[in-house]
Each structure stands twice: as C-alpha cells, then as structure tokens.
Amino acid sequence: MQHASSLIRFGRTFVKLSCAGSFLLSAGVLFAQHGGGGARPQSPPPQAPTAPPSATDFEQNKIFLDSNGKPLPPKSAQGEHCLLPPLSGVVPATVGVGDLKIPGKAQKAYESGCAALKDKKVADAENQLRKAVKEWPKYSSAWIALGQVLAMEQKSDEAREACSQPLATDSNYLLAYLCLADISARTQNWDKVLQFSTRALELDPTTDPVAYDYHAAANFNLHHLSEAEKSALRAVEIDKNNSDPRVHFLLAQIYESKGDRTNEVAQLREYLKFASDPNDAAMVKGYLAQLEGPAK
C-alpha cells in the first residue's frame with residue numbers, strides 16, 4: 001500500500017494525494033475524498049513540488065503510527081476504550097449508560113476485538129465487536145469502536161448506523177457525535193460535520209480539542225473562515241501537548257485562504273515542530289520552500 005498523507009483531512013486539498021485505501025485528514029478536503037458536502041473556497045489549492053499520496057480515509061494508513069495516537073488497550077468496563085484516532089485521545093466526562101453493566105461475554109468479545117485491532121487484524125476486529133454488541137446491544141463503547149472499524153473499511157452506511165446506536169440509550173453520549181462527525185467528513189458532508197461537532201461542543205466546550213478540529217474543518221470547507229480560525233485556535237489552546245499537530249496544517253490552509261502568508265508560514269512551521277511522519281514533513285518543507293523562495 002502506498003503511503004497516505006494525513007494532512008488533507010483538515011481542509012480543502014492542500015496537495016494532491018493518492019492512496020489505495022482508507023484522523024483525520026483525507027484527500028480533497030478534511031477527512032475524506034468522496035464527493036458531497038459544502039462549498040469550497042474559490043482560490044485554487046497550492047501544489048507541492050512532488051505528488052505525495054492521497055488518503056481516502058485516515059485510519060487505515062495512520063492508526064498504527066505514533067504521530068496520531070494508538071488505540072487504547074482494553075481494560076475494564078469503566079469507560080476504557082480501544083478507539084482509533086482521532087477519538088482515541090478523547091476522555092468523556094461520563095461513562096455511557098450502556099457501559100455500566102456489561103455482561104462477561106460481551107466484554108470478552110470487546111476485548112478480543114480490541115486485541116485484533118491492535119494486531120491490525122481488521123476483519124477479526126469487526127467480527128468480535130459485532131459479537132460484543134450482539135451480546136449487549138447497549139454497549140456504547142463497542143458500538144463506537146465498531147463504527148470506526150466499519151468506516152475504516154469504507155462501509156459508511158453501516159458505520160453511521162453503528163455510531164448512532166448509543167444515542168438510543170444516551171442522547172448526550174459525546175463519542176457518538178464525534179464518530180458521526182468523522183463519518184460525515186469522510187463523505188464531505190460538511191453541514192452534517194458542523195451539526196455533529198456543534199452538538200459535541202455543547203456537551204463539552206472546554207476539554208475536547210477533537211470537536212473543535214471538526215468544527216473548524218467544517219467551517220473551513222463551508223467557507224466560514226473566521227469561525228474556522230476561531231475553532232482551530234481553540235483546539236490548539238486545549239491540546240497543549242500537540243497530540244495532533246495537523247490542526248496547525250488546517251490553520252495554515254485557513255490563513256492561505258485569507259491571504260495571510262505570514263501566519264500561513266508560521267503555522268506550517270508549527271506543524272513541522274511536532275510532525276512525526278517523514279513524508280508529510282517533507283511535503284510541507286517543500287511547500288514552505290516555495291512560499292519563502294524568491295518571487296517569480
């Protein structure tokens with residue numbers, strides 16, 4: 001499989017990428033490549049000097065890389081998750097209602113699914129997670145994990161249904177809205193991304209940078225640049241450890257659209273401070289060289 005850049009899922013196409021398979025940044029626009037969604041900015045995207053790869057989805061190529069976190073190891077039924085980026089770093093303030101009393105068989109299947117996912121056995125992970133929710137249909141965290149796996153396999157309709165299931169028992173379940181925002185972004189349905197991320201921010205406006213990431217990306221692709229900038233800066237403020245540096249890439253795209261080259265360059269440099277993927281870093285360095293080179 002070709003390398004797939006993670007950099008495209010936070011905004012419109014920054015460079016053309018190409019990929020064989022499935023954060024957070026997919027080609028063409030934030031998180032996804034297939035058509036749909038809101039209006040795009042009018043200015044043409046800058047092109048990098050080379051043509052690095054395109055990501056149809058973020059997780060398939062990036063979930064096992066350190067740059068964007070790893071699935072959390074399964075532990076107890078007390079709200080622990082083995083979710084994929086970008087949800088792997090989200091710690092909900094409350095445990096899902098359906099996760100309070102989990103039967104042993106369901107928990108065992110969930111843990112087996114997490115182990116399979118950690119070993120990159122995606123089909124086995126799907127099968128085990130399906131067993132978990134069959135044993136306990138109210139198993140909120142298992143539904144979200146299953147939804148992410150299905151999205152990774154490009155089964156968007158099934159993924160959306162899975163991520164919606166926890167809302168039947170808990171309409172305030174944060175991870176469900178973030179999962180639905182991610183799936184909507186994959187299909188470039190930016191109105192839906194905005195809707196789900198707005199709801200997530202209503203539930204947690206102070207500690208969740210992922211919701212702000214999606215909110216910023218949706219506004220950017222709907223050409224609401226001021227709102228996009230505001231949300232992206234809030235994500236940076238919350239994510240003090242720069243666990244997902246791609247938000248700096250999104251900010252660079254926002255500033256490029258606003259014609260603010262100084263801040264565009266500054267955000268690309270911030271991204272490079274924390275980027276761990278050498279291909280993405282090389283791409284950004286190449287574009288920076290163009291920005292900072294002599295005018296032609």
- Out of (1) of a type in the set (S, T, N, Q); (2) closer than 28 Å to Leu268 by Cβ; (3) at pLDDT below 95, the one Ser141 does not meet is (2)
- Message: Contact list please: Cβ distance under 8 Å, first residue in the stretch 265-278 and of a type in the set (A, V, I, L, M, F, W, C), second residue assigned to a loop (DSSP other than H, G, I, E, B), pairs at least six apart or on different chains.
- Response: Phe274/Asn242; Phe274/Pro245; Ala275/Pro245
- Query: Can you pull out the helices (runs of 4 or more DSSP H) entirely within the stretch 179-296 that have at least 3 residues that are open to solvent by 20 Å² or more (accessible area, probe 1.4 Å), in contact with a helix residue (DSSP H, G or I) (Cβ under 9 Å, 6 or more places away or on another chain) and under 25 Å from Leu87 (Cα atoms)?
  - Reply: 190-203, 209-221, 225-238, 261-274
- Given the conditions (1) at pLDDT 95 or above; (2) in contact with a Phe, Trp or Tyr (Cβ under 6 Å, 6 or more places away or on another chain), and given that Ala216 satisfies all but one, which numbered condition is not satisfied? (2)
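The values are calculated or read from the model by the stated rules, or taken from the named source; none is laboratory data. Quick caveat, the model's predicted, so the values are computed rather than measured. All Cβ positions, even for glycine, are placed from backbone atoms using ideal geometry, and neighbour counts span all protein chains on display. Surface accessibility is based on the protein's heavy atoms, side chains included, excluding ligands, DNA and RNA. Shrake-Rupley method; radii C 1.70, N 1.55, O 1.52, S 1.80 Å.
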